[in-house]
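Chemist: Before I ask anything, let me first share the structure, which is written out below as structure tokens.
Please treat every number below as a calculation from the coordinates, not as lab data. Quick caveat, the model's predicted, so the values are computed rather than measured. Neighbour counts are summed over all protein chains in view; Cβ atoms, including those assigned to glycine, are modelled from backbone coordinates with ideal geometry.
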Amino acid sequence: MAGQSPRRTRLAIKVNLILVVTLAVGVGLILAAFAANLIASRDQITRRFLKQEANDLYTSIENFMIPGEAPLAVKFFAQVQAVNPGSRILLFRQNGNFAFSDNTTISRVNTNLGTAKFRPREGIVTTVSMPSKPGFAQAAATPPAERFFREDEGGRSYFRAYRPLINLPKCTVCHGSDHTVRGVIDIRSDITDEARGQTIILAGAGAGFFLVVSLLAFVIGAFLRRVVIGPVNTIGLVCSGVAAGRFEGRVATRSDDEIGDLARTVNTMVEGLEERFKLTKYVSAGTLGALRAGEEPKRVTRTLLFTDVRGFTSYTEGHPPERVVEVLNALLDSQARIIHENGGDIDKFVGDEIVSYFQDEDASLRACRSAVAIARFCAGHGVESDGLSVGMGIASGSVILGMVGSARRADYTVIGDAVNVASRLCSLAKAGQVVVDSGAKSEAGPGLSFKGPFGAKLKGKEKPREVWILLTSTDDDAQGNFKGGKP
Amino acid sequence: MKRNRKGLALAIGAVLLALSCAPKAPEVYASPEYPTWARTTRTVLDYPIPGHMNRLRIPRMNALGFTATPLADGDRQRWDFPEDTVIVKEVYASAKPAAGERPVQLTIMAKDPKDPRAQGGWLWITKDLPDGKETVFTGNFCITCHANANEKHPYADKNLKEEFRDYVFFVPGRDNGRPASASGASPGATASEYGGVP
């Protein structure tokens with residue numbers, strides 16, 4: 001089915017959009033939450049290790065301090081840093097000054113002990129400035145609070161801990177009881193590689209997710225286009241064609257699923273519709289209307305127009321059947337066209353005869369006009385019709401319109417005296433002549449020319465009827481020579 | 001009628017849901033009766049110590065806490081205060097508060113090993129006065145300092161035998177500090193308040 005891409009594109013876009021949004025929102029959110037959770041867990045683990053490290057260092061420092069071996073702590077810090085260059089351990093006094101940067105603490109301890117137990121050190125060099133981080137104040141306050149945070153500096157990432165060094169009761173002997181926090185241990189752990197790895201993993205996961213979503217959307221979209229959207233589009237186009245009177249379309253499907261069943265059902269339906277549509281050519285418009293409306297037989301007023309080819313029997317004797325059928329069909333087709341153009345309805349074809357009827361107020365006028373047109377057509381196309389022409393009868397009156405026949409086979413037709421009269425008048429008419437009864441003549445109005453009246457003795461009728469010859473301006477002689485009687 | 005029943009059921013459900021979601025009333029550790037509890041020490045705690053400096057402290061313990069007795073743990077004596085023991089330490093604004101002066105803060109130890117916030121089996125709580133708000137300490141400041149109670153320290157009998165004293169510096173019967181004086185230790189205090197401590 002050609003010309004279906006616009007609709008398919010719209011459906012495909014919608015389906016793909018739904019897929020992408022569903023995957024992006026659903027899976028994406030879960031993935032994002034999972035990634036966030038993973039990062040948080042990793043950070044939490046790192047913090048826990050850092051906290052544990054801080055506690056271990058605290059214990060070490062505490063044990064160095066008790067016997068007054070603070071310089072050992074300095075060496076210990078340096079060795080830890082040497083073993084792990086990414087780490088750094090510093091000890092600051094509560095006021096922010098770097099511990100061991102001068103002899104203040106030694107002097108105070110000696111004072112508290114009342115003896116010069118510790119000898120002031122020489123050549124002390126301060127190499128580290130006091131921390132300016134906001135967490136330091138809280139770590140040095142009373143009560144102190146541990147601080148763990150992440151910081152980026154010089155293109156590297158660190159986890160950092162401020163661990164308060166509390167002036168424990170056992171420390172007060174040397175350090176005095178006038179302060180609660182002796183200092184802050186500053187532990188910095190380099191996590192640059194981990195952070196970088198984390199970023200790479202996240203970026204990779206994001207790119208992978210994007211690729212997977214795109215691929216899935218493409219694959220599922222293509223699958224749906226092939227299995228669902230394509231067939232549904234084709235079904236829609238076939239149905240649209242049927243609605244426009246084109247029955248050649250079929251849905252090509254080999255699938256054995258619900259869509260395949262639907263396609264096959266549609267194909268069967270279209271075939272049935274096509275068959276019925278073809279049958280409508282053999283059924284009058286009135287029959288179709290009655291079928292739609294479900295009309296019961298009813299009494300109506302109609303104007304009947306009968307036409308019959310004159311000299312047809314002898315014509316068939318002198319011509320091959322193929323030519324006879326060709327000429328007859330052409331003649332009948334032209335008549336039917338003219339009748340339809342004038343709003344008439346073909347009730348039936350009976351051999352070379354046409355039974356038609358007209359309805360509504362100007363039914364007789366249109367019937368007469370049809371007859372005039374047919375007469376002129378026959379006169380003007382004598383060569384094509386091998387000189388054949390038709391005689392016509394028109395009568396108007398009350399008839400029964402409805403289904404006539406058996407339950408198995410019925411015709412939707414007209415029955416009544418007007419039908420018989422029209423048929424008889426047609427029989428009376430010569431080639432190119434139109435015989436009209438008085439009723440139809442009166443209803444046709446003044447716009448037409450009639451000759452008559454003539455008294456006509458109709459078969460099956462006891463009394464002669466008054467009839468008229470409709471002048472068609474094609475053959476005045478023929479029109480004037482009426483065998484039924486004299487005016 | 002059916003609609004009314006449905007509405008009533010919905011209303012009850014909503015109320016139950018609201019009640020289930022409502023925050024539970026916080027437990028009060030410093031019982032209003034705590035001023036009647038016996039003191040854990042006759043020592044006048046008006047000397048400066050880290051954390052409290054030179055502000056007067058008066059620790060009191062509920063009767064359950066006084067049932068604790070040391071048990072031998074190998075070569076070491078071990079004190080384990082029973083669950084639900086509560087020690088309330090009044091902290092005054094200065095070393096020598098005026099008669100009738102109220103404490104500015106209470107620091108509380110509540111033995112509740114099952115509580116996930118417990119450290120060393122104790123909840124470490126501060127109650128700021130006069131607003132009365134109790135805060136459970138989640139940091140390790142308190143326990144870090146009180147861990148010294150389980151080894152030699154400069155207070156009371158100094159724990160020279162390094163008993164495990166369950167993070168309590170002044171345990172019953174181990175007090176050899178200065179006796180409290182009516183004027184300095186506790187405004188309005190009497191000797192009978194020292195729960196069994198001679």
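Chemist: Of all residues in segment B:126-178 being touching a Ser or Thr at 6+ places or on another chain (Cβ under 8 Å) and small (Gly, Ala, Ser), which is nearest to the other protein chains (Cβ to nearest Cβ)?
Modeler: Across segment B:126-178, the extreme among qualifying residues is B:156.
Chemist: Still on this structure: How many residues does segment A:128-164 hold that are closer than 25 Å to residue A:45 by Cβ and either assigned to a strand (DSSP E or B) or within 14 Å of another protein chain (Cβ to nearest Cβ) (or both)?
Modeler: Selection size over segment A:128-164: 22.
Chemist: Right, here's the next one. Provide a single number: the residues in segment A:58-73 that are surrounded by fewer than 16 Cβ atoms within 10 Å (Cβ to Cβ) and either assigned to a helix (DSSP H, G or I) or without any contact (Cβ under 8 Å) to a residue 24 or more places away in the chain (or both).
Modeler: Here is the first cut: in segment A:58-73, the residues surrounded by fewer than 16 Cβ atoms within 10 Å (Cβ to Cβ) are A:59, A:63, A:66-69, A:71-72.
Remaining after also requiring either assigned to a helix (DSSP H, G or I) or without any contact (Cβ under 8 Å) to a residue 24 or more places away in the chain (or both): A:59, A:63, A:67, A:69, A:71-72.
Qualifying residue count, segment A:58-73: 6.
Chemist: Give B:106, B:129 a once-over and let me know the one that is touching a residue at least 24 places away in the same chain (Cβ under 8 Å), touching a helix residue (DSSP H, G or I) at 6+ places or on another chain (Cβ under 9 Å) and over 30 Å from residue A:174 (Cβ atoms). Lay out the reasoning, then the answer.
Modeler: On the way: B:129 fails: touching a helix residue (DSSP H, G or I) at 6+ places or on another chain (Cβ under 9 Å).
It is B:106.
Chemist: Let me ask something additional. Inside segment B:43-69, can you point out the residues that are touching a helix residue (DSSP H, G or I) at 6+ places or on another chain (Cβ under 8 Å) and more than 14 Å from chain A (Cβ to nearest Cβ)? Quick ask: steps written out before the conclusion?
Modeler: Let us first name the residues in segment B:43-69 that are touching a helix residue (DSSP H, G or I) at 6+ places or on another chain (Cβ under 8 Å), namely B:49-51, B:60, B:62.
Correct list: B:60, B:62.
Chemist: When you look at residue A:323, is it surrounded by fewer than 15 Cβ atoms within 10 Å (Cβ to Cβ) and closer than 23 Å to residue A:411 by Cβ, yes or no?
Modeler: Values: surrounded by fewer than 15 Cβ atoms within 10 Å (Cβ to Cβ): yes; closer than 23 Å to residue A:411 by Cβ: no.
So residue A:323 fails the test.
Chemist: Of the residues A:182, A:226, A:246, which single one is among the basic types (Lys, Arg) and within 14 Å of chain B (Cβ to nearest Cβ)? Can you show your working first?
Modeler: Details: A:226 fails: within 14 Å of chain B (Cβ to nearest Cβ); A:246 fails: within 14 Å of chain B (Cβ to nearest Cβ).
Answer to the check: A:182.
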